[in-house]
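This report refers to the structure that appears directly beneath it.
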Amino acid sequence: MKNWNYIYFKKTPFVFSCLYDLIISIILFAGFTSALAQNVQFQFIRSIGKKGILQGEFNAPQGIAVDISGKLYIADTGNNRIQLFSPDGKVLKVYGGFGKGVAQYDEPVSLWAGNGLYVCIADKNNHRIVILDGALNYVTHIEGTASSNQKVSFHFPLSVACSSLGEIFVLDSENNRIVRYSSAGIPMNSFGGYDTAGPPLKQPKKIVISESRTFFISDAGQKAIIMYDYFGNYRGIIGQKIISQPAGLLVTEKGIIFICDRIEKHIAVIDTANHLLGTVEYPGFKTPIDAAFYNSMLYVLDKDNNMVLIFKVEDNKF
């Protein structure tokens with residue numbers, strides 16, 4: 001019987017740019033896959049949460065983020081709140097409740113916590129981005145409908161990310177575009193829509209900014225990941241014919257992309273050259289909706305399981 005405490009990540013052979021390697025791969029084609037397939041083990045460690053309304057319990061959660069110290073932030077969407085966990089899975093704070101007030105939400109669906117100082121939350125049905133400090137104390141918020149300029153307003157935000165420069169980027173699901181705000185919360189411009197260069201976004205789900213300041217956007221309509229540079233210029237599409245329904249995603253410091261696939265019920269792993277490196281499989285996955293990575297640990301948020309599944313990468317090459 002297979003030991004499901006270990007999830008094997010199977011690497012897929014690349015198309016080599018080196019002519020020598022290409023010749024060798026042709027000569028040894030029959031044994032190529034087995035010779036180069038290296039198993040990177042993702043060991044299942046534990047899970048956090050179950051369905052419910054108490055602390056540490058979830059109701060259809062949709063967003064997960066980890067800060068620079070390893071603390072976990074969960075958008076507990078169905079309970080309209082944010083939960084903060086220590087790196088070892090202990091509940092530190094629960095913040096929120098249904099409504100439109102300062103400490104209330106109406107379907108928080110995604111969050112960002114990259115620098116450890118601030119947490120940005122996409123409060124979907126309130127059409128706003130809420131900004132808290134790292135301990136979940138209210139700081140301010142950005143109203144998507146506050147600007148009369150339709151080119152920089154947003155409705156039903158599904159995702160938010162911040163750059164190292166402090167700029168805030170909001171995924172505007174009503175207009176299928178990304179809206180850029182300054183660090184002071186001033187609307188600046190937008191990209192990815194029908195009025196910008198490059199093919200438009202169709203059903204964007206999540207936005208991530210890499211260490212190189214490249215934007216990666218999961219697009220369920222195109223069944224792919226769309227890339228833009230920091231100025232909003234279209235840079236390409238990856239993941240087509242690899243992913244069926246992309247949802248959350250993460251990009252590691254080494255530029256490896258983990259994509260939650262809701263239909264295939266696994267995590268697809270690719271690089272920026274569109275090589276499929278493998279998939280993370282687990283028999284308990286129902287709806288892997290978002291993921292985070294920290295210090296050789298992979299955190300997968302499963303919406304329909306109402307829990308976070310934690311895996312340790314035994315040989316971290318990511």
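Using each residue's phi in segment 244-254, evaluate 6.51 cos²θ - 1.76 cosθ + 1.60 at θ = phi - 60° and report the 3J(HN,Hα) Karplus result to the nearest Hz, with x for Gly and Pro.
Along segment 244-254, the couplings run 9, 8, x, 10, x, 8, 9, 10, 6, 4, 8 Hz.
Between residue 143 and residue 229, 0.36 nm times their residue separation minus their Cα-Cα distance comes to what? It would help to have the intermediate numbers written out before the result.
Values: separation 86, 0.36 × 86 = 30.96 nm, distance 2.55 nm.
In short, 28.4 nm is gained.
What does the charge count around residue 233 come to, taking other residues whose C-beta lies under 15 Å from its C-beta (Lys +1, Arg +1, Asp -1, Glu -1)? Could you put the intermediate results ahead of the total?
Details: positive: 177, 180, 213, 235; negative: 195, 229.
Once all neighbours under 15 Å are counted, the net charge is +2.
Work out the charge dipole of the chain with +1 on the Cβ of Lys and Arg and -1 on the Cβ of Asp and Glu about the Cα centre, then indicate which of 178, 283, 148 is farthest towards its positive end.
Looking along the dipole axis, the top candidate is 283.
Loop-only trypsin sites (Lys or Arg not before Pro) in segment 237-318, please: DSSP not H, G, I, E or B, and at most 16 other Cβ atoms within 10 Å.
Numbers: sites: 241, 254, 262, 265, 286, 303, 312, 317; in loops: 241, 254, 262, 265, 286, 303, 317.
Passing sites in segment 237-318 are 241, 254, 286, 317.
Count charges around residue 112 for me, please; just the other residues with Cβ under 11 Å from its Cβ, Lys/Arg as +1, Asp/Glu as -1.
Values: positive: 206; negative: 67.
Cβ neighbours under 11 Å give a net charge of 0.
Rounded to the nearest 20 debye, what is the charge dipole size of the chain about its Cα centre when +1 sits on each Lys and Arg Cβ and -1 on each Asp and Glu Cβ? If you can, show how the numbers build up before the last one.
Values: 30 positive and 27 negative charges, 88 e Å.
My answer is approximately 420 debye.
Quick check: residue separation of residue 182 and residue 93 times 0.36 nm, minus the Cα distance between them. What number comes out in nm?
On the way: separation 89, 0.36 × 89 = 32.04 nm, distance 2.89 nm.
Taking 0.36 nm per residue and subtracting the Cα distance, the gain is 29.1 nm.
Once the other residues with Cβ under 12 Å from the Cβ of residue 246 are scored (Lys, Arg +1; Asp, Glu -1), what is the net sum? Provide the component values of the computation, followed by the final result.
Details: positive: 202, 205, 206, 223, 262; negative: 219, 261, 264, 290.
Around residue 246, the charge tally is +1.
Since every read-out is calculated from the coordinates, none of them should be taken as a lab result. This is a predicted model, so every value here is computed, not measured. Cβ atoms come from the backbone with ideal geometry, glycine included; neighbour counts cover every protein chain shown.
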